[in-house]
Amino acid sequence: MDDAKKKTAIDALNRIMELELAGVVKYTHYSLMVYGYNRIPIVSWLKGNADESLAHAHKAGELVTLLGGHPSLKIGPLLETEKHDIGDILRESLEHEKTALAAYYDLLRIGEGTSVLLEEYAREMIVAEELHQDEVNKMLRRPGDTAVFTA
């Protein structure tokens, strides 16, 4: 991999790291803002997402250093909507996951034909993000609805 391509890959990985760290903050915040009858399982699910986002950020950071780069200390966008209904939280989560998924697809394009390591990493993460997005989408559907949720 030439130096220009390596820099592009490091930048993409740092963006992923920043987005995943933002996910840690968002999911932790969301877990604190859940009230009502279903609080316990939803809080547990959100905490699990925060843990998963941290693991994803760490993995991206490891690849940054593998390529000789410096991991970012930044955190992606953190917009407080002041909406804490479970539906609002899930819709915000879905938007966050779409952004992260796009970043992994960008990395896949960067790695294609240049780095099997980056390609496989990106593919693995795309699978995980798409499955997570599907999980959130199903949570947003009304009971009995089989059609994909659209905002």
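The values are calculated or read from the model by the stated rules, or taken from the named source; none is laboratory data. Computed from a prediction, not measured in an experiment: that's the story for all the values here. Methodologically, a virtual Cβ is constructed for each residue, glycine included, from the backbone with ideal geometry; neighbour enumeration extends over all protein chains shown. These area figures cover heavy atoms from the full protein model, side chains too; ligands, DNA and RNA do not enter into them. Shrake-Rupley method; radii C 1.70, N 1.55, O 1.52, S 1.80 Å.
Some points to look at:
- Where G68 falls short, out of the listed (1) open to solvent by less than 80 Å² (accessible area, probe 1.4 Å); (2) under 15 Å from I16 (Cα atoms): (2)
- Any hit, segment 41-51, residues being surrounded by 19 or more Cβ atoms within 10 Å (Cβ to Cβ), of a type outside the set (A, V, I, L, M, F, W, C), more than 22 Å from L140 (Cβ to Cβ) and out of contact with any strand residue (DSSP E or B) (no Cβ under 9 Å at 6 or more places or on another chain): no
- Failed item, numbered, when T81 is tested on (1) surrounded by fewer than 21 Cβ atoms within 10 Å (Cβ to Cβ); (2) modelled with pLDDT of 95 or more; (3) among the hydroxyl-bearing types (S, T, Y): (2)
- Across segment 85-101, a minimum of one residue is classified as of a type in the set (A, V, I, L, M), open to solvent by less than 90 Å² (accessible area, probe 1.4 Å) and at pLDDT 95 or above.
- Scanning segment 1-17 for residues that are farther than 22 Å from L54 by Cβ and among the acidic types (D, E) gives D2, D3.
- Index of the failed condition, T146 passing every other in (1) assigned to a helix (DSSP H, G or I); (2) over 15 Å from A22 (Cα atoms): (1)
- Scanning segment 104-147 for residues that are farther than 19 Å from A4 by Cβ, open to solvent by 30 Å² or more (accessible area, probe 1.4 Å), of a type in the set (D, E) and within 14 Å of the chain's Cα centre (by Cα) returns E124, E130, D134, E135.
- Lone unmet requirement of (1) loosely packed, with under 14 Cβ neighbours inside 10 Å; (2) farther than 30 Å from L118 by Cα; (3) touching a residue at least 12 places away in the same chain (Cβ under 8 Å); (4) not hydrophobic (A, V, I, L, M, F, W, C) for K74: (2)
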